[in-house]
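Read-outs throughout are calculated quantities, based only on the coordinates presented, and are distinct from any laboratory measurement. Predicted model only: the values in this text are computed from it and were never measured. Neighbour counts run over all protein chains shown; Cβ positions are idealised from the backbone, glycine included.
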Amino acid sequence: MIESLLVANRGEIARRIIRTAKRLGIRAIAVYSEADADLPFVAEADEAVLIGPPAPAQSYRNTEAILAAATSTGAQAIHPGYGFLSENAEFARTVEARGLIWVGPGADAITAMGDKINARNLMAAAGVPVAPGTTDPAADLDAAVTAAAEIGYPVMVKAAAGGGGMGMGVAVDEAALRTEYDKVRAFAERMFGDGSVLIERFFPRVRHVEVQILGLADGRVVALGERECSVQRRNQKLVEESPSPAVSPELRSRLLAAAVRAGEAVGYRNAGTVECLLDPATGEFFFLEMNTRLQVEHPVTEYVYGIDLVEEQLRVASGLAPTFDPDALTSRGHAIEMRVNAEDPKRFLPGPGVIRTWVEPTGDGVRVDSGYTEGNTVTPFYDSLLAKLIITGATRAEVLERAKVAVAAFQIAGPKNNLPFFTELLDNEEFRSGAYDTAIVSRMR
């Protein structure tokens, strides 16, 4: 097993990784920016290194500062968490070139899945269903218009190098396409340094379902069930649950088999997620993208399968077998995760500030993975995620009732937060029925 681990991230996920590392007797090393000096993850690490000013480019995306911290502390491995450098293939290569262990998939797999068009083509070749769309970037507006006419409106205009719900727009006709194409291309060039654009069929009533995969040290790829991720704002997730209330045993079998094929197609190792769009009316599903990292919503899978995914990541990176029997996977119960963000609960606009009150809920089936506590300052430099409220139980009905109690008991004062939204959602009949789709939040507003 790895003996010392540098966590190249911050907040909730850094704290989460550190917790597992320390349980396993691994020396946990944190890196932090000047803005995060007082956050819990810094204090909870065995060692912490200041790597720069608040701006991510000067700290959490500063590869040389992170590698220098690894060298100075004698770190044996680097875990990137999610976001920042987690899907940066060049960073993964550099980590390994420096003689360190990268806790994640190989750089080639990250590269293969990092471009949405290349990923779509690879998946189609592997027999994984893909939505109608372009097999090459739409080189200019005329090419986009031609492609959209062939695919049929409405279409989704996507940054090929994008991720996390960023760099996307919907066009219902050619006039809208002309606007969205220029907008997405400019955003992609600014954010990702790559203006390539993909045109794909847009499904107005669809569910977002993903499969957790784990590429084992012996080369096998296993699927650890699915997660429902259809409660979204601006194409970004707010609530996830496992298992999906929309997935039958027969559909689950097809979904998981396709996800395993997707991982095998790129020789996948470590944790990853195959995201799909599901038409609940027909049971058809289409590959959306593969996230080559640990997902924010991994705790719901941990409960349903009774494992610690961070521990499994560390075991794979160490060349060890998993803690579970890959040939006898079993699941249990139900889990829902709610992303508690520092944002207005109506318009979902960021609302940073000093946390004056922070009281986490407790009780049966309640888990809170938080990045902050009372007295901390939520700054505008990073993602608005404050904590993840994970509720578990034997059935979905039991989980929904526990969730209502837990949300009511979670007290946060200071920055804006979206707990009132979850109160509304948990009383929403469409959500409670399980028969919801990706437009549920817009219908609530």
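Tabulated data
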read-out: Length added when fully stretched, Ser318-Asp279, from 0.36 nm per residue minus Cα-Cα; value: 10.1 nm
read-out: Gained length - Glu150 relative to Lys346, 0.36 nm times residue gap less alpha-carbon distance; value: 66.8 nm
read-out: Virtual spin-label span in nm between Ala439 and Asp140, 7 Å along Cα→Cβ; value: 3.5
read-out: Contact order normalised by residue count of the chain, Cα under 8 Å, 6+ apart, percent; value: 15
read-out: Under 20 Å from Lys416, Cα to Cα: lysines that are on another chain or at least 8 residues apart; value: Lys237, Lys346, Lys388, Lys404
read-out: Inter-label distance, nm, simple model (7 Å from Cα along the C-beta direction), Asp218/Thr379; value: 4.6
read-out: Residues Ala175 and Ala57, FRET efficiency given R0 of 51 Å [Cβ-Cβ distance, rounded to 0.05]; value: 0.90
read-out: Computed [θ] at 222 nm, deg cm²/dmol, the chain (DSSP H ≥ 4; -39,500 (n - 2.57); rounded to nearest 500); value: -10000 deg cm²/dmol
read-out: Dimensions (Å) - segment 251-381, Cα atoms, principal axes, largest first; value: 48, 39, 32
read-out: C-alpha center-to-center spacing [segment 241-289, segment 40-108] in angstrom; value: 30
read-out: Percent breakdown of C-alpha pair distances by 10 Å bin, ordered from the shortest bin, for segment 207-444; value: 7, 32, 35, 21, 5, 0
read-out: Separation of the Glu47 and Arg254 label points, Cα + 7 Å toward Cβ, nm; value: 5.2
read-out: Segment 132-201: proportion of alpha-carbon pairs further apart than 19 angstrom, %; value: 18
read-out: Residues listed by number, segment 398-429, amide nitrogen under 17 Å from Val354 label point at 7 Å toward C-beta; value: 412-416
read-out: Interchain or long-range residues, amide H under 5 Å from Arg27's placed H; value: Ser4, Leu5
read-out: 10 Å-binned pair-distance histogram of segment 4-103 (Cα, whole percent); value: 18, 57, 25, 1
